[in-house]
Amino acid sequence: MTLAFHGSGATNPTAVTDAQGDYSITGVPQGTYAKLVAQGHGYLARHGVAVGPGTTDADFAPRFNWAGPGTGSWVVKATGKDYSSIGCGPDEAIDGSQATGWSTNAGRRRSTDGSNGFAAKHMVVQLDTAVDVTGLAVDPSSTCGDDPSSSTAGYTIEGSANEDGPWTSLADGTFTGADNGRMNELSASGSDIRFIKFTIISDQVPHFGSTCAGGGGPSGCHFVDLSELQVFGTTP
């Protein structure tokens, strides 16, 4: 498993654990870091850490993310405009990194003109195996250079044993600006889930209809984004 400091300069200090899970990272300047990340083989954990003089201990209890990189999961379909060619496709929402994400158009069909209202978009993730889902985590943040108004607001997350349903509700709600930039834990329960459908119902543009009526407005009038989705659970 690899550990890395994020936001500590051009080069993030990293280390690989030994067979017992022990690690040591040297040469880290003193300071407070928002993210010390442990990840590998589908497992992921992160938290902030303050590095002072001497030795600083940081322990992790990583969980297995069934939608994470290296697990065999992939996006089998997605609606809206596909920006995969510039690194903003739907697969970026399950790449294990909050620095990248899925961006698509906010308007109808593949239009970036939101003057006719917001049009819901969804992606379907195929897990490598069927899972009894016990929880989810989502970072709804904007990505790909968009401002925070493009972040996901209203959402539904559903699960199914089949690519085309029938679908069972796992979680739903509305994210706000206070949820951006972090993984938000969501309670969820579902048995024998092989496919996860994430639907973005709205973004964080206030009063979308009037704000975007003239065809201009903030980036959320044109694009809607999702930074990261994680799926936790056990095999049946």
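The values are calculated or read from the model by the stated rules, or taken from the named source; none is laboratory data. Computed from a predicted model, the values in this text were never measured in an experiment. All Cβ positions, glycine included, derive from the backbone under ideal geometry; neighbour counts span all protein chains shown.
Inside the range 100-118, can you point out the residues that are small (Gly, Ala, Ser) and either in contact with a strand residue (DSSP E or B) (Cβ under 8 Å, 6 or more places away or on another chain) or loosely packed, with under 14 Cβ neighbours inside 10 Å (or both)?
GLY101, SER103, ALA106, SER111, GLY117
Just give me the residues in the range 149-203 being part of a loop (DSSP other than H, G, I, E, B) and small (Gly, Ala, Ser), in sequence order. ALA153, ALA161, GLY165, GLY181, SER202 - these are the residues of the range 149-203 that are part of a loop (DSSP other than H, G, I, E, B) and small (Gly, Ala, Ser). Put simply, of SER160, SER202, SER169, SER151 the only residue that is in contact with a Leu (Cβ under 9 Å, 6 or more places away or on another chain) and of a type in the set (S, T, N, Q) is SER151. Reported count of residues in the range 217-236, each being in contact with a strand residue (DSSP E or B) (Cβ under 7 Å, 6 or more places away or on another chain) and either part of a helix (DSSP H, G or I) or β-branched (Val, Ile, Thr) (or both), is 5. Of the residues examined, ARG182 is one that is surrounded by fewer than 21 Cβ atoms within 10 Å (Cβ to Cβ), within 24 Å of ALA99 (Cβ to Cβ) and assigned by TED's automatic domain parsing to the domain that holds TYR83. Here LEU229 meets each of (1) surrounded by 23 or more Cβ atoms within 10 Å (Cβ to Cβ); (2) under 15 Å from SER150 (Cα atoms) with one exception, condition (2). Pull up the range 207-226, narrow it to residues that are without any contact (Cβ under 8 Å) to a residue 12 or more places away in the chain and either touching a helix residue (DSSP H, G or I) at 6+ places or on another chain (Cβ under 9 Å) or not assigned by TED's automatic domain parsing to the domain that holds SER189 (or both), then point me to the one that is surrounded by the most Cβ atoms within 10 Å (Cβ to Cβ). Across the range 207-226, the extreme among qualifying residues is THR211. Applying a threshold of 7 Å to beta carbon distances and a minimum spacing of six or more residues, or different chains, the list of pairs starting in the range 62-79 at a residue that is at negative phi and of a type in the set (Phe, Trp, Tyr) and ending at one that is crowded, with 18+ Cβ neighbours inside 10 Å and part of a loop (DSSP other than H, G, I, E, B) reads PHE64/GLY42; TRP66/SER73.
Output yes when any residue across the range 82-90 is within 12 Å of the chain's Cα centre (by Cα), modelled with pLDDT of 90 or more, not acidic (Asp, Glu) and not in a loop (DSSP other than H, G, I, E, B), and no when none is. Scanning the range 82-90 turns up at least one residue that is within 12 Å of the chain's Cα centre (by Cα), modelled with pLDDT of 90 or more, not acidic (Asp, Glu) and not in a loop (DSSP other than H, G, I, E, B).
Residue by residue, here is whether (1) assigned by TED's automatic domain parsing to the domain that holds SER187; (2) more than 12 Å from the chain's Cα centre (by Cα); (3) touching a residue at least 40 places away in the same chain (Cβ under 8 Å) holds:
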| site | (1), (2), (3) |
| --- | --- |
| THR100 | yes, no, yes |
| ASN105 | yes, yes, yes |
| ARG108 | yes, yes, no |
| SER111 | yes, yes, no |
| LYS121 | yes, yes, yes |
| LEU127 | yes, yes, yes |
| VAL131 | yes, yes, yes |
| ASP146 | yes, yes, yes |
| SER149 | yes, yes, yes |
